[in-house]
1. For segment 1-32: of the residues being in a loop (DSSP other than H, G, I, E, B) and aliphatic (A, V, I, L, M), which is modelled with the lowest pLDDT?
2. Restricting attention to segment 68-126, and to residues there that are touching a residue at least 40 places away in the same chain (Cβ under 8 Å) and among the aromatic types (Phe, Trp, Tyr), which single residue is surrounded by the fewest Cβ atoms within 10 Å (Cβ to Cβ)?
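The values are calculated or read from the model by the stated rules, or taken from the named source; none is laboratory data. Predicted, not measured: the structure shown is a model, and the values here were computed from it. Here the Cβ positions follow ideal geometry from the backbone for every residue, glycine too, while neighbour counts run over all protein chains shown.
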Amino acid sequence: MTSVYVLNGPNLNLLGTRRPEVYGSTTLADVEELCRQEAGKLGLELEFLQSNHEGQLVDWVQEAGARVAAGDCLGAVFNPGAYTHTSIALHDAIEGASLPVVEVHISNVHAREEFRRHSYVSPVARGVVVGFGVYGYVLALRGLHHSAGLG
């Protein structure tokens, strides 16, 4: 079965308790279940991962890129969290691994602080979904599936 990665960056393990007025009350476990249901509808196996460590995220991006090259993975839905605005390493990993990525953010980062409006990931992403809450993960999964010519 073809897989898809859903990668989550720093502090997303705090979903449901961290700034619920911005990110809502849904937990990361709830997001995982939402993604598993959608992946199942799309006939995909889900790899759902979260790390607060940039190097671990780089490793997973490279792993997913290798699986795409092998033909058993579509790509990744990626919420890099704060690394969106700081990580050239993630940009380079996505580009170097030729990983199809849909960047996703729960809040509308363009309506927030100025520093959140720049993304190092967007230039190497296939698409970007922002501001739809956790439902953005579903939209991103569907978009990745569609862009792969499967839907």
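1. Taking segment 1-32 first, the residues in a loop (DSSP other than H, G, I, E, B) are 1-2, 9-11, 15-19, 24-27.
Narrowing the set further to residues that are aliphatic (A, V, I, L, M) leaves 1, 15.
Working: MET1: 78, LEU15: 89.
The qualifying residue modelled with the lowest pLDDT is MET1.
2. Checking each candidate, the answer is TYR83.
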